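Structure record follows, encoded as structure tokens.
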Amino acid sequence: MSTSPQTTEAPTSTTEFRDDRVLDKTLLVRGYEVVIGFETHAQLSTNSKIFSRASTAFGAEANTQACAVDLALPGTLPVMNKGAVERAIQFGLAIGAHIAPRSVFARKNYFYPDLPKGYQISQFEIPVVQGGSVEFFLDSTGTSSASSERTKKSVRLVRAHLEEDAGKSLHEDFVGQSGIDLNRAGTPLLEIVTEPDMRSSSEAVAYAKELHKIVTWIGICDGNMQEGSFRCDANVSVRKPGEKFGTRREIKNLNSFKFMQQAIDYEVRWQIEQIEDGIAIQQATVLFNPDTGETRAMRTKEDAADYRYFPDPDLPPLCISEQWIEQTRQQMTELPRVMSARFVADYGLSEYDATQLTQSKDTAAYFEEAAKVCGQPKLVCNWVMGELSRRLNTDELTIGQSPVYAAGLAQLIARISDGTISNNAAKQVFDALWTGEGNVVDAIIEAKGLKQMSDSGELEAILDTVIAANIKSVEEYRAGNAKAFNALVGQAMKATKGKGNPAQVNELLKKKLG
């Protein structure tokens, strides 16, 4: 194990962060550089809470899953949930981080109605996971969509620490007052903190999506943003290039990627307008209202000193042996970055294609099954990322719900590869598979009469007829007009009713025309 230095609490002022990134001037907004860091709370997938045996199940009746330990009633003591620690180790391994052999818990003191103890048990001076990074692709326009020009981005992580969740204030069902549901109190969280490495809302969303993929892939979090299992806080500031970091405002509890981008874009515009009007930015916690598309200040932002951290006297240091780490490593599923590298090595895919195919386990498994059956990995990749993805998006299906199974797509691609059908005919076969007209590729080809004409004698006879009927185009081609050749190919394909093998038609026609 490496002996990286102990890290401290995630910096609470952006001026404390390192800033060694090269400025990309194309990302400036009205002459200002946008600086974004993230804090993400991932609810760990344990059945019980981090320090008690109370259930973490979602949707139970209010205040039915908060036990005496969660409320810190006299005579109770917290006991560490081993499963929560194992999940933290898994995350550290997944991002290439240092796992602290010894970490400690602290009491973070603040007063809020949904905090039953009056403090939160968290990690401060020594977190369990230290460092690491998350990598993803952006295209030339700054989005994570497919493009001919793609840039690999990397966001450095400061830390990931274990802590307990608070309860929830209820405002909707009460007139003139609020209620409290303490079911979430004590639910295990992994708080994941980045360096301020992101320079646009698109980068921030791409990072959040990649992080979401990682925690769901390794199974430490279900990633349900609507239920609060994956909650993102974006720390946003702006500055003139070369100046020190500006004052940040933290946008809390962003629960969808769409709202995340809208909130950051609005906050950036608002901060720039404030600065240009001569108004200093005040450090604050803000909320985003998706109905108005605006952020509003909720409270001034506390610094670490305001929480009066001190070591929790009821919890001993958390000690993690090298043996435990290695045992966890051996039990983990193949990581997306490892699988992506294997797809590049084994199937000859580009790094981008391999990354796209490993966005989910189901997609990766679908691709690999089809590629092994037909032996055409690049064609499988093109169909999975192209026609199959388009149909799934249109019909709002997951790949696990696809009417076209991996074996069926493999059969289809095999018939394209051996020249039995053309690409256009293949789309008709795919349509038939998708709509349930049949489930055997060869039977569909036969029933629809889609088999390509590959008999050279038959094709030559048709080409002779086409040449005789299009003497002008022949003369133009022989005079150097390349377009005339395409016209002849078109006539030939028409004469074969689209069943001629295009490559064979081209080859034979060129031979006949000299």
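Just the Kirkwood number for the chain, please: inverse of mean 1/r across all distinct Cα pairs, in Å, one decimal.
Mean inverse Cα-Cα distance, inverted, gives 26.8 Å.
Could you sort 53-59, 480-486 so that the peptide with the highest average Cβ count within 10 Å comes first and the rest follow in order?
On the way: 53-59: 14.6, 480-486: 12.6.
Going from most to least packed, we get 53-59, 480-486.
Tell me, what is the FRET efficiency for Gln226 and Gln177 to the nearest 0.05, using R0 = 30 angstrom and their Cβ-Cβ distance as r? Write down the numbers at each step before the final one.
Numbers: r = 26 Å, r/R0 = 0.86.
So, using R0 = 30 Å, E works out to roughly 0.70.
Can I get the semi-axes of the range 28-102's equivalent ellipsoid? Compute them from the C-alpha gyration tensor as square roots of 5 times the eigenvalues, in angstrom, largest first. Numbers along the way, then the final one.
Numbers: eigenvalues 226, 78, 33 Å².
Values for the range 28-102, descending: 34, 20, 13 Å.
Extending each Cα 7 Å along its Cβ direction at Asp291 and Asp277, get the distance between those two points in nm, one decimal.
Roughly 2.3 nm, to one decimal.
Using alpha-carbon positions, what is the distance between the centroids of the range 467-506 and the range 149-172, in Å?
That distance is 60 Å.
With +1 on each Lys and Arg Cβ and -1 on each Asp and Glu Cβ, and nothing else charged, work out how big the dipole of the chain is about its Cα centre, in Debye to the nearest 20. Intermediate results must be reported in sequence, preceding the final value.
Values: 56 positive and 67 negative charges, 218 e Å.
Using Cβ point charges on Lys, Arg, Asp and Glu, the chain gives about 1040 debye.
If you find the alpha carbon centre of the range 337-353 and of the range 215-278, how far apart are they in angstrom?
32
Under 8 Å for C-alpha pairs, at least 6 residues apart: give me the relative contact order for the range 319-364, rounded to a whole percent.
On the way: 21 pairs, mean separation 13.3, N = 46.
The value is 29 percent.
Please report how far the C-alpha centroid of the range 412-465 lies from that of the range 358-398, rounded to the nearest whole angstrom.
21
Rounded to the nearest 500, what is the chain's calculated 222 nm mean residue ellipticity when only DSSP H runs of at least 4 contribute -39500 (n - 2.57) each, over all residues? Don't skip to the end; give the middle numbers.
Values: 16 runs with 188 residues, N = 514.
The helix-only estimate for the chain comes to -11500 deg cm²/dmol at 222 nm.
Which shape class applies to the range 385-514: rounded if a/c is under 1.5, otherwise prolate when a/b exceeds b/c and oblate if not, where a ≥ b ≥ c are the square roots of the Cα gyration tensor eigenvalues? Walk me through the numbers on the way to the answer.
Numbers: a/c = 3.34, a/b = 2.33, b/c = 1.43.
Prolate is the answer for the range 385-514, as a/c is 1.5 or above and a/b outweighs b/c.
Work out, step by step, the length gained on full extension between Val338 and Ile471: first 0.36 nm times the residue separation, then minus their alpha carbon distance; give nm to one decimal.
Values: separation 133, 0.36 × 133 = 47.88 nm, distance 5.89 nm.
Difference between extended and current length: 42.0 nm.
Note the full-extension length gain between Tyr112 and Asp314 as 0.36 nm times their separation in residues minus their Cα-Cα distance, in nm to one decimal.
70.5 nm
Mind checking the full-extension length gain between Ser360 and Ser389? Use 0.36 nm per residue of separation minus the Cα-Cα distance, one decimal, nm.
Value of the extension gain: 9.2 nm.
Which FRET efficiency value, to the nearest 0.05, is calculated for Gln330 and Ser154 with the Förster distance at 30 angstrom and r the Cβ-Cβ distance?
Numbers: r = 27 Å, r/R0 = 0.90.
The formula returns an efficiency of 0.65 here.
Since every read-out is calculated from the coordinates, none of them should be taken as a lab result. As the structure is a computational prediction, the values presented were derived from the model and not from experiment. Heads up, the Cβs are rebuilt from the backbone with ideal geometry, glycines too, and the neighbour counts pull from every protein chain shown.
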